[in-house]
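Every number here is computed from the coordinates shown, using simple stated rules; none is lab data. All values reported here derive from a predicted model rather than from experimental measurement. Methodologically, a virtual Cβ is constructed for each residue, glycine included, from the backbone with ideal geometry; neighbour enumeration extends over all protein chains shown.
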Amino acid sequence: MGIETLLSQIFNGLSLSSVLLLVGLGLSITFGIMGVINFAHGEFLMVGAYVVYVLQGLFNKFYGHGAAGLSFLISLPLSFFVAALLGFLLEKVLIRFLYGRPYEGILATWGCSLILQQAARNIFGANNVDVTSPKWLAGGVEAMPGLQLPYNRLFILALTTLCVVGIYLYLYRTAQGRRMRAVMQNRDMSACLGIRTRKVDTFTFALGSGLAGIAGCAVSLLGSIGPSTGQNYIIDAFMVVVLGGTGRLAGTIAGALVMGVLNPVFELISTSSMGKVILFILVILFLQGKPQGLFSLKTRALD
């Protein structure tokens, strides 16, 4: 195995880490605030990917195939808002009645996942579809002889970095973000201080869903998309949240890097299925010694 192959796998792992980070951020903040294990979160990623596909089809119809780049740029904020709106409605209709009921929440969100997948099959068909990458993302950077860094994966890294910076500024530089962190640390005290915790819950769920929608845009650049696209990432995203620590931005970033980089490396030295098994075993062994994850959330609640 040459050094070029290893570096290529590590770089591909970084782009996978970026997708897992966008999905894991939403899972982390919603579980940290509301304690809801949302098995339908992967379907918000699927929704974001299909927004890219639908918008590109409309642009191709009216403006020709040369407008793929413009349609993709427009689909980034549109995917966020469509997925966030769907998350907002789901929280209002279902999720808010499942707080403090983890088992019912798992079953209900799993049912929502199946419903959304079937809805996608009825609308778009059971077969996967392809999204045409913009021309300005074709090719790549020749980092060294035998090693090319594709522009589409570099774009995913830049997009994820921008989203992480935006979430950080929101959480630590805005009043709404401070209220969100306060509810995460101590819900009862936050309510006593006048924070409308239910409103924070709804907005947080919508924000996490929107981040998954942006992840769907990134996934559309890596390959075909279909009704089960979200299920291909949701388990790894849950592992990112558990490994990094619930409710911590730094923990989610660290967990995504570990899961995204080590997985392709283990697959390279073994097989695809065995590499994932090795990684999961290592994560389980790590959690035996540190069940709170890499970064535990400091709360102001009394034990």
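In terms of other Cβ atoms within 10 Å, ILE156, ILE214, ILE115 run from fewest to most in the order ILE115, ILE156, ILE214. Charged side chains reduced to their Cβ positions (Lys and Arg at +1, Asp and Glu at -1) give the range 21-289 a dipole of some 800 debye around its Cα centre.
Based on other C-beta atoms within 10 Å, arrange GLU104, GLU267 from fewest to most. Write out the running numbers ahead of the final one.
Working: GLU104 11, GLU267 18.
If I rank by nearby Cβ atoms, fewest first, I get GLU104, GLU267.
The range 79-143 and the range 1-56 have Cα centres spaced 12 Å apart. Coordinate range of the alpha-carbon atoms in the range 190-303 per principal axis, descending: 54, 37, 19 Å. For LEU162 and PHE280, the difference between the fully extended length at 0.36 nm per residue and the C-alpha to C-alpha distance is 39.6 nm. Annotation: for a label point projected 7 angstrom from Cα along Cα→Cβ of LEU287, residues of the range 33-63 with backbone N closer than 16 Å are 36-39.
Below 8 Å, C-alpha to C-alpha, sequence gap of six or more: please give me the relative contact order for the range 100-223 in percent. Relative contact order here is 20 percent. Which FRET efficiency value, to the nearest 0.05, do you get for ILE10 and TYR170 by plugging their Cβ-Cβ distance into 1/(1 + (r/R0)^6) with R0 = 35 Å? The calculated FRET efficiency here is 0.70. The lysines within cross-link reach of LYS61, meaning a Cα-to-Cα straight distance under 30 Å and a gap of 8 or more places when in the same chain, are LYS135. Against the main long axis of the alpha-carbon atoms of the chain, helix 3-34 sits at an angle near 30°. For LYS92, a cut-off of 29 angstrom between C-alpha atoms picks up these lysines, skipping any fewer than 8 places away in its own chain: LYS199, LYS298.
Can you put MET180, MET274 in order of Cβ neighbours within 10 angstrom, beginning with the fewest? With the fewest neighbours first, MET180, MET274 line up as MET274, MET180. Less than 5 angstrom separates the built amide H of GLY140 from those of TYR151, all sequence-distant by 5 or more or on a different chain.
Count the net charge of all other residues whose Cβ sits under 14 Å from the Cβ of TYR170, scoring Lys and Arg as +1 and Asp and Glu as -1. Residues near TYR170 contribute +4 overall.
Here, the range 1-114 is characterised by an Rg to Rh ratio of 1.10, where Rg is the alpha-carbon radius of gyration and Rh the Kirkwood radius. The relative contact order of the range 36-113 comes to 52 percent, based on Cα pairs under 8 Å that sit 6 or more residues apart. Here the simple spin-label model places points 7 Å from the Cα toward Cβ, and for ARG178 and ASN232 these points are separated by 4.3 nm. Estimated from helices alone, the mean residue ellipticity of the chain at 222 nm is -25000 deg cm²/dmol (sum of -39500 (n - 2.57) over DSSP H runs with n ≥ 4, per residue). Here the relative contact order of the chain, from alpha carbon pairs under 8 Å that lie six or more residues apart, stands at 35 percent. The Kirkwood radius of the range 128-279, taken over pairs of alpha-carbon atoms, gives through the Stokes-Einstein law at 4 °C and 1.567 mPa s a diffusion coefficient of 72 µm² s⁻¹. Averaging 1/r over every pair of different alpha carbons in the chain and inverting the result gives a Kirkwood radius of 20.0 Å.
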